[in-house]
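Structure first, commentary second.
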Amino acid sequence: MPRPVVLDVDTGVDDACALLLAARHPELDLLAVSCVGGNAPLDLVVANTLTVLEAAGRDDVPVAAGSARPLLEAARDARHVHGEDGLGDLDWPRSARRPDPRPAVELLRDVIREAPEPVTLVTLAPLTNIALLLRTYPDVAAGLRDIVVMGGAANVGNATASAEFNVFHDPEAAAIVLDAAADLCLGVTLYGLDVFYQPTVTGAQASRLAAAEDRAARLAGLLIGFQCERFGDPATIGDAGAVCAVLDPEALRTERLPVRVELGGSWSRGRTVVDRRHWAGDMSHDPHGRSPVEVDVALDVDGPRYAALWLDTMGAA
Ligand code: BDR
Ligand code: CA
C-alpha cells in the first residue's frame, strides 16, 4: 500500500522538485497539497503548484490556498532566489485548473480525517497553515502518522546568519507547530539546512532530463538547470530531500534533541535553537531549563542516495 502524504508548500523551485517526486513515486499516495505565501506571494504559489501537478499528470490532487502572510509580520518573499514567478521564470505553460474552494486548513482537516490510514504531513514552507490547522482542529492529530518539516538548522541559517527561511518567515507559526506537536504527541523530523544542501544534481544530469519526452522530467530538468545557473553546478534538490526522508529514512542520521524557536533577539529571530549539550551539570544550571519540545533533528544525510532517488523517479536515464 502506498503511504498517504499531504504536502504544505510555497512553490518555489525546490518545492516543485518535491511535488514532482511526491506526485510520481509509486510508494507515496499524495492526497492533497496546501499552499502558503512564502517563496512567492500566495496567488503565484497556488498557480505554480497547480502547474507542477499538471506536468506530473496529477490534476486529481486537490490544491487549496492558505495564508497569504505570516501570523504577525508582513510577507517577505524570496523571488530573488526562485525567480519573479517563483518557478524559475521558465515560461512553462500555466495550468488552467482552479484550486479547491476550501481554505487550506479545511482541505487538510477533511483529507486527514477521511484518510483510511494515518497520514504523513510534509511541510516545505513557512508553517502558518500548519499552526492554524493544529490549533483549530487538534483532532487531526489522530489521523497523522508524523510530520516532516523542512525548516530550521542546528547550525547556520540562510535567510539570516541565524535563521532558515521557512522559520524566519513565520517564527511564531514554527513555535506553535513544535508546541502543538509535543502537546498532541506527534513525532516531528526536522529536515533543516544541515542536510538540505547535500543531495545535489549536476547541470549535465539536468540537461538530460530537460531533453526528455516526458513533461514532468522536462520540467524537473529545467528547474535544476535554473538553480545551477543561479547558484552554481551542482544544485541542491532542496525541499525534495524532505520527501526523500519519508521514502528512505535510513539514509538520514537524526538525533532526538530539545529545540526552541527564537522569537526575540536582535540578530537571531527565527533561529531554531537546537540543544546539543550532553553535560547534565550545564543543563541543570541553565536558567531557561531544557526545552520541553524534542524533535528528531536531521544532522547528516547520504546526499548521493537521495539525489539518485529523485533522479530515478524523474525518469533519468
Ligand atoms: C527553504 O526556503 C525556501 O527558499 C525553500 O523552498 C525551502 O523550503 C530553504 O530555506
Ligand atoms: Ca519551500
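The values are calculated or read from the model by the stated rules, or taken from the named source; none is laboratory data. In this text the structure is predicted, and so the values were computed from the model without any measurement. Using ideal geometry, Cβ is built from the backbone for each residue, glycine included, and neighbour counts are taken over all protein chains shown. Ligands, DNA and RNA are stripped out before the accessible areas are found, and what is left, the full protein with its side chains, is counted by its heavy atoms. Shrake-Rupley method; radii C 1.70, N 1.55, O 1.52, S 1.80 Å.
Expressed as a rounded percentage, what relative contact order does the range 193-258 have, with Cα pairs under 8 Å and six or more residues apart?
On the way: 66 pairs, mean separation 22.4, N = 66.
Once divided by the residue count of the range 193-258, the mean separation gives 34 percent.
Using Cα pairs under 8 angstrom and six or more residues apart, how large is the relative contact order of the chain, in percent? Walk me through the intermediate numbers first.
Working: 730 pairs, mean separation 60.5, N = 317.
The normalised contact order for the chain reaches 19 percent.
Please list the radius of gyration and Dmax for the range 53-114, considering alpha-carbon atoms only, with Å as the unit.
14.5, 39
Tilt of helix 303-314 relative to the longest C-alpha principal axis of the chain, in degrees (0 to 90, nearest 10)?
Approximately 40 degrees, to the nearest ten.
Return the whole-Å distance between the Cα centroid of the range 221-246 and the Cα centroid of the range 1-64.
16
To the nearest 10 square angstrom, what accessible area does Glu294 show with a 1.4 Å probe?
Here the residue's solvent-accessible area equals roughly 80 Å².
Would you mind checking the tilt of helix 215-231 against the longest principal axis of the Cα atoms of the chain, expressed as 0 to 90 degrees and rounded to 10?
Approximately 60 degrees, to the nearest ten.
Using alpha carbon centroids, what distance separates the range 266-295 and the range 81-104, in Å?
Using only Cα atoms, the two centres lie 39 Å from each other.
In a Debye calculation with equal point scatterers on the alpha-carbon sites of the range 221-317 and no solvent, what is log10 I(q)/I(0) at q = 0.17 Å⁻¹?
-0.91
Under a 5 Å amide H to amide H cut-off, with H placed in plane at 1.01 Å, what residues pair with Val295 once short-range neighbours are removed?
Under 5 Å from the amide H of Val295 lie the amide H atoms of Leu257, Val259, each far enough along the sequence or on another chain.
For the range 110-205, build the convex hull from the C-alpha positions and give me its volume per residue in Å³.
Working: hull volume 11.6 nm³, N = 96.
Hull volume normalised by residue count: 120 Å³.
Hey, what's the Kirkwood Rh for the range 139-292 if you take every pair of different alpha carbons, in angstrom?
Numbers: mean 1/r = 0.0573 Å⁻¹.
Hydrodynamic radius (Kirkwood, Cα only) of the range 139-292 equals 17.5 Å.
Just for the chain, what percent of DSSP beta bridges are antiparallel, to the closest 5? List each step's numbers first, then the result.
Details: 12 of 37 bridges.
Roughly 30 percent of the DSSP beta bridges within the chain come out antiparallel.
Grab the alpha carbons of the range 34-75, take their convex hull, and tell me the volume per residue in Å³.
Values: hull volume 2.1 nm³, N = 42.
Given the Cα convex hull of the range 34-75, per-residue volume reads 51 Å³.
On the Cα set of the chain, report Rg and Dmax in Å, please.
Reported Rg and Dmax, both Å: 18.3, 62.
Working from Cα positions, state the angle (0 to 90°, nearest 10) between the long axis of helix 171-183 and the longest principal axis of the chain.
With both axes taken from Cα atoms, the answer is about 70 degrees.
Over 5 Å intervals from 0, what percent of Cα-Cα pairs in the range 16-88 sits in each interval?
That works out to 3, 17, 26, 22, 17, 10, 4, 1, in percent per bin.
What do you reckon, how do Trp92, Trp267 stack up by accessible area (1.4 Å probe), largest on top?
On the way: Trp92 25, Trp267 215 Å².
Greatest to least solvent exposure: Trp267, Trp92.
Please compute the length gained on full extension between Ala317 and Val156, using 0.36 nm multiplied by the number of residues separating them and subtracting their Cα-Cα distance.
Details: separation 161, 0.36 × 161 = 57.96 nm, distance 3.55 nm.
In short, 54.4 nm is gained.
Give me the net charge of Arg277's neighbourhood, meaning all other residues with Cβ under 15 Å from the Cβ of Arg277; Lys, Arg count +1, Asp, Glu -1. Mind showing how you got there, number by number?
On the way: positive: Arg256, Arg260, Arg276, Arg290; negative: Glu255, Asp275, Asp282, Asp286, Glu294.
Around Arg277, the charge tally is -1.
Determine the calculated [θ] at 222 nm for the chain from helices alone, applying -39500 (n - 2.57) to every DSSP H run no shorter than 4 residues and normalising by the residue count; nearest 500 deg cm²/dmol. List each step's numbers first, then the result.
On the way: 13 runs with 123 residues, N = 317.
Helix contribution divided over all residues of the chain: -11000 deg cm²/dmol.
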